[in-house]
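Working notes, beginning with the structure itself.
Nothing in this text is a laboratory measurement; each read-out follows from the coordinates by a stated rule. Keep in mind it's a predicted model, so treat the numbers as computed, not measured. Note that we place each Cβ from the backbone using ideal geometry, even for glycine, and neighbour counts take in every protein chain shown.
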Amino acid sequence: MSLTAEIAATAARLIVEEGMEYGPAKRKAARVLGRHSVRPAELPDNQAVEDEVREYIALFCADTQPGELVALREVAAEWMQRLAEFRPHLTGAVWRGTATRLNNVHLQLFCDDSKAAEIALLNLGIDFDVGSLPGPRAESVDVLSVSSMSRALGVSVTVLLTVLDHDDLRGALKPDTRGQTQRGDLAALQRLMDTSA
């Protein structure tokens with residue numbers, strides 16, 4: 001097995017067992033394998049890691065993961081309804097179908113005014129933390145973090161709201177090389193939920 005394949009398999013275990021995001025999981029996987037400096041070319045792409053995540057789930061979590069995914073998608077749908085004015089789109093593991101109870105729910109909000117989502121949360125009386133991530137145009141974007149109780153799971157789930165510019169929505173729905181989309185709106189999520197039910 002190549003180093004890249006080993007990193008992908010180890011990263012998949014970290015993603016499923018610890019709820020890590022892909023980038024940090026790949027770097028930690030390299031360290032776990034004793035490689036403290038890895039060339040970018042040696043790191044697997046996200047698609048290879050996702051393939052390993054699906055395989056790991058099928059082997060070790062097939063009895064629990066589908067129910068956990070449904071519960072997380074219900075949390076996502078609830079927040080998408082609450083924040084409908086900001087054109088929310090679900091992305092990440094909950095959208096792609098690889099999430100377990102340890103994953104966060106990632107929603108992207110497409111706003112004309114970047115502070116409007118914060119004001120809406122304040123008006124709803126919802127506590128949130130503000131962070132930032134690199135955005136689509138190499139500038140940082142706000143990420144609002146809220147905690148949401150999942151009745152089905154019996155635990156609080158972290159919902160991350162990435163605030164993007166309304167213009168970013170145009171290119172957001174293009175499919176990847178396998179024809180899969182990286183995100184979907186509430187109607188698309190509802191179709192996914194209906195199909196899996």
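Farthest towards the positive end of the charge dipole of the chain, among the residues 158, 102, 32, is the Cα of 32, using unit charges on the Cβ of Lys, Arg, Asp and Glu.
Pop the C-beta distance of residue 158 and residue 33 into the FRET formula with R0 = 25 Å and round what comes out to the nearest 0.05. That pair, residue 158 with residue 33, gives E of 0.30. Magnitude of the charge dipole for the chain, about its Cα centre and with charges confined to Cβ atoms of Lys, Arg (+1) and Asp, Glu (-1), is about 420 debye.
Of all DSSP bridge pairs formed entirely within the chain, close to 75 percent run antiparallel. Contact order for the chain, expressed relative to its length and based on alpha carbon pairs under 8 Å spaced 6+ residues apart, stands at 19 percent.
Expressed in units of 2.2 N^0.38 Å, where N is the residue count, the Cα radius of gyration of the stretch 65-196 is 1.01.
Each Cα pair of the stretch 22-113 feeds into the Kirkwood radius, which the Stokes-Einstein equation turns, at 10 °C and 1.306 mPa s, into a diffusion coefficient of 105 µm²/s. Extending 7 Å from the Cα toward the beta-carbon at both residue 55 and residue 102 defines two label points whose distance is 1.9 nm.
If R0 is 25 Å, the Cβ-Cβ spacing of residue 70 and residue 129 corresponds to a FRET efficiency of close to 0.40. Computed extension length for residue 193-residue 84: 37.4 nm, one decimal, from 0.36 nm per residue of separation with the Cα-Cα distance subtracted.
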